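Worksheet: one structure, shown below.
Just so it is clear, none of the values below were taken in a lab; they were calculated from the coordinates. Everything numeric in this text was worked out from a predicted model, so none of it was measured. Here the Cβ positions follow ideal geometry from the backbone for every residue, glycine too, while neighbour counts run over all protein chains shown.
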Ligand code: GDP
Ligand code: MG
């Protein structure tokens, strides 16, 4: 089957990209995760109705912390999951930067999803949900509340990304 897609994780350093990947694929979580990951991507197989989909989910090696993440990472991506930390307003602004970059480099066909991560820390949120919703709608992205710590929202996020990929490809 040819339903194999590249999904890139993008967002500021420390927002939880690596934690999301490890939680989603291995169902593990660590509060003192090291910044580096061994693999550049991990694979996930999903079934949508009777169609099988394989996602290659790419993580950065932490280059975003030094503003050194080049287009080679995302230029052939079919989808991007843009992650921000709800307790860090700046990381939400950074999502907007990445969306512009993706539109410019990859084009209009890329599937965009936004993860409002660390939703277990809701009380410390610095980003109004309505602002996030308004922004997501304006760029045609789906928006999800996620927590790599609890696992909340992750299955749904990647399921909806897969559905959107099947529709567009
Ligand atoms: P990355 O730089 O975007 O890959 O972020 P990491 O996955 O390395 O996570 C950065 C820090 O945030 C680590 O200390 C994680 O344990 C923590 N973290 C990640 N996701 C969550 C979450 O959903 N909730 C909470 N409370 N902490 C998280
Ligand atoms: Mg990381």
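Answer rounded, prolate or oblate for region 1-80, using the Cα gyration tensor with square roots of eigenvalues a ≥ b ≥ c: rounded when a/c is under 1.5, else prolate when a/b is larger than b/c, else oblate.
Because a/c hits 1.5 or more and a/b fails to exceed b/c, region 1-80 counts as oblate.
In a Gaussian network model over the chain where Cα atoms closer than 10 Å are linked, find which of 104, 118, 149 has the largest mean-square fluctuation.
Maximum fluctuation in the GNM of the chain, among the listed residues, is at 104.
Ignoring solvent entirely, what values of log10 I(q)/I(0) come out of the Debye formula for region 45-90 at 0.13, 0.17 Å⁻¹ when each Cα is a single scatterer?
These q points yield log10 I(q)/I(0) values of -0.47, -0.71.
Using helices alone, what [θ] at 222 nm do you get for the chain, with -39,500 (n - 2.57) per DSSP H run of 4 or more residues, divided over all residues and rounded to the nearest 500? Write out the running numbers ahead of the final one.
Numbers: 4 runs with 53 residues, N = 169.
Taken over the chain, the calculation gives -10000 deg cm²/dmol.
Please list 151-163, 19-31 highest first by mean number of surrounding beta-carbon atoms within 10 Å per residue.
151-163, 19-31
Relative contact order for the chain using alpha-carbon pairs under 8 Å, separation at least 6, rounded to a whole percent? If you can, show how the numbers build up before the last one.
Numbers: 304 pairs, mean separation 45.2, N = 169.
Value for the chain: 27 percent.
For region 125-169, just say rounded, prolate or oblate: build the C-alpha gyration tensor, square-root its eigenvalues into a ≥ b ≥ c, call rounded for a/c under 1.5, and beyond that prolate if a/b exceeds b/c, oblate if not. Please report the intermediate quantities before stating the final value.
Numbers: a/c = 4.38, a/b = 1.19, b/c = 3.69.
Oblate is the answer for region 125-169, as a/c is 1.5 or above yet b/c matches or exceeds a/b.
In whole angstrom, how far apart do the alpha carbon centroids of region 89-144 and region 1-19 sit?
Centre-to-centre distance over Cα atoms comes out at 14 Å.
If each Cα of the chain is one equal point scatterer, what is log10 of I(q)/I(0) from the Debye formula at q = 0.19, 0.20 Å⁻¹?
-1.32, -1.49
Two-decimal Rg/Rh of region 88-169 from alpha-carbon positions, Kirkwood Rh? Display every interim value, and only then the final one.
Numbers: Rg = 13.1 Å, Rh = 13.5 Å.
Taking Rh as the inverse mean 1/r over Cα pairs, Rg/Rh reads 0.97.
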